[in-house]
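See structure below.
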Amino acid sequence: MKKVLFVLCVPLVLLAGCRSEKSGNTENVRIVLDWTPNTNHTGIYAALEKGWFAEEGLTVDILLPPEDGALLMLALGKAEFAVDFQESLGPAIGNSSLPITAVAAVINHNTSGLMSLTSAGIKRPRDLEGKRFASWETPLVTAVIRKIVENDGGNFGAVTMIPNMAADAFSALETDVDSIWIYYAWDGIAAEIRGTDVDYLDLGTIDPALDFYTPVIVINDAWAAVHPETARRFIKALSRGYVFAMENPGEAAEILLKYAPELDGELVRRSQAWLASRYQGDAPRWGEVDPLRWEAFFRWMHSQELLEKDIGGGGFTNEYLP
């Protein structure tokens, strides 16, 4: 569920608050996704399909992003909300001072990790020695792989970091690399469906500091300051959508397929069932962020010089959750 390129021009203008236009008795709100529609987004489509946005007096436009552009679109006032990741939000706030804030966790714990074919023999992080890892060539990826390999007594210098932006994890594993970073809810479930024998290293389990929030719902601060009640109504409806997906994964999967019929039906249904218990996880309510876990990841990012300033526990709020 990583980034893909969409042709969408974002003008380089001064940062501005998003507008919320009224149409009749409703307000128009835009949310830009982080990627093509998938089961991370089902709650959005469920709230739309069930009329819960409409009940809150909202018409909602769901937008596709340019490559790595959701947060920039949001900060530039091209959307009121965005789906993105804590690992991207940190640099956006700590390095670029973008006026944005996370307002809900889509999934309570990190469900991403490293997948490899069983034949590669990567059973633990130090087994990456002498292997090829598919890197997105970002400082974060390098720091994460170094951390888990060295903490397991391995030599990070013996890991070959291969630039690889392949959208198809299986093609990459069968040709160019030995291990690749995936979201289990998508590529992991796809491996189960294919019957492909894989090993999976869960990042949040390997190291608590890597149990970060990915993805999250992010808001434009300037717009929120002017429209706090509209923001609460949006999050209220969105929360209903995700609770519905948790309680009714079968029907929720069909809703997503209605809006994104190009998706593989079996993958969506099985992914939805897998995520149903993980959206809220052990949080008191859907969307709630644990401030200690949030801060721990940003502190680690700062210690690795991935953030120019220590933003500590900044960059999120639970105040809009119902």
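Counted over the chain, the DSSP beta bridges are approximately 60% antiparallel.
Share of the chain's accessible area from carbon and sulfur, percent, 1.4 Å? All intermediate terms of the calculation are to be shown ahead of the outcome.
Numbers: 6590 of 13030 Å².
Looking at the chain in its full context, I get 51 percent from C and S.
Convex hull of alpha carbon positions in segment 23-67: directionally averaged projected area 3.3 nm².
Radius of gyration (Cα atoms) of segment 44-164, expressed as a multiple of 2.2 N^0.38 Å: 1.41.
Helix 249-259 and the long axis of the chain differ in direction by around 70°, with both axes built from C-alpha atoms. For segment 145-215, rounded, prolate or oblate, judged on the Cα gyration tensor with a ≥ b ≥ c (square roots of eigenvalues), a/c < 1.5 rounded, else prolate if a/b > b/c? Here segment 145-215 falls in the oblate category. Stretched out straight at 0.36 nm per residue, the stretch from residue 67 to residue 140 would grow longer than its current Cα-Cα span by 24.5 nm. Accessible area per residue was computed with a 1.4 Å probe on protein heavy atoms; residue 182 scores about 0 Å².
For q = 0.24, 0.26 Å⁻¹, what log10 I(q)/I(0) does segment 234-322 give under the Debye formula with an equal point scatterer on each alpha carbon and no solvent? Taken in order of the listed q values, log10 I(q)/I(0) reads -1.06, -1.16. Full extension of the chain between residue 317 and residue 25 yields a length gain of 102.2 nm, computed as 0.36 nm times the residue separation minus the alpha carbon distance.
The angle between the Cα long axis of helix 291-303 and the main principal axis of the chain comes to about 50°, on a 0 to 90 degree scale.
At an R0 of 25 angstrom, the distance between the Cβ atoms of residue 174 and residue 36 translates into a FRET efficiency of 0.65.
Place a +1 charge on the Cβ of each Lys and Arg in the chain and a -1 charge on the Cβ of each Asp and Glu, then give the dipole magnitude about the Cα centre in debye, rounded to the nearest 20. All intermediate terms of the calculation are to be shown ahead of the outcome.
Values: 27 positive and 44 negative charges, 82 e Å.
In debye, rounded to 20, the chain gives about 400.
Measuring between alpha carbons in the structure, the pairs from 78/236; 236/258; 50/78; 147/309; 131/309; 78/258 lying more than 28 angstrom apart are 131/309. Given 5 Å bins starting at zero, what is the percent of C-alpha pairs of segment 90-216 in each, up to the one with the largest pair distance? Over segment 90-216, the share of Cα pairs per 5 Å bin runs 2, 10, 19, 22, 20, 14, 7, 4, 1, 0 percent.
In this structure, residue 55 and residue 248 have a Cβ-Cβ separation that, at R0 = 22 Å, corresponds to a calculated FRET efficiency of about 0.75. Legend: residues 129, 319, 87, sorted from most to least accessible area (1.4 Å probe; ligands, DNA and RNA excluded), read 319, 129, 87.
Between the Cα long axis of helix 228-247 and the first principal axis of the chain there is an angle of about 50°, rounded to the nearest 10.
Computed with a 1.4 Å probe over protein heavy atoms only, the accessible area of residue 131 comes to about 50 Å². Of the residues 171, 253, 267, the one whose Cα sits farthest toward the positive end of the charge dipole of the chain, with +1 on the Cβ of Lys and Arg and -1 on the Cβ of Asp and Glu, is 253. Shown are 62, 217, whose ranking by accessible area with a 1.4 Å probe and every protein chain present, most to least, is 62, 217.
Calculate the FRET efficiency for residue 285 and residue 160 from the Cβ-Cβ distance with a Förster distance of 51 Å, rounded to the nearest 0.05.
Values: r = 43 Å, r/R0 = 0.85.
Efficiency, from the Cβ-Cβ distance: 0.70.
With the biggest extent put first, the Cα atoms of the chain measure 62, 44, 39 Å across the principal axes.
Students sometimes get this wrong: rank 214, 205 by accessible area, probe 1.4 Å, all chains present, largest first. Don't skip to the end; give the middle numbers.
Values: 214 0, 205 110 Å².
Sorted by accessible area, descending: 205, 214.
Helix-only estimate, please: 222 nm mean residue ellipticity of the chain, summing -39500 (n - 2.57) across DSSP H runs of length 4 or more and dividing by its residues, to the nearest 500. Could the numbers behind the result be given before it?
Numbers: 13 runs with 118 residues, N = 322.
It comes out at -10500 deg cm²/dmol, rounded to the nearest 500.
The values are calculated or read from the model by the stated rules, or taken from the named source; none is laboratory data. Predicted model, so just to flag it, every value in this text is computed and none were measured. Ideal geometry is used to build each Cβ from the backbone, glycine not excepted, and the neighbour counts take in all protein chains shown. Note: areas computed on protein heavy atoms with side chains; ligands, DNA, RNA excluded. Shrake-Rupley method; radii C 1.70, N 1.55, O 1.52, S 1.80 Å.
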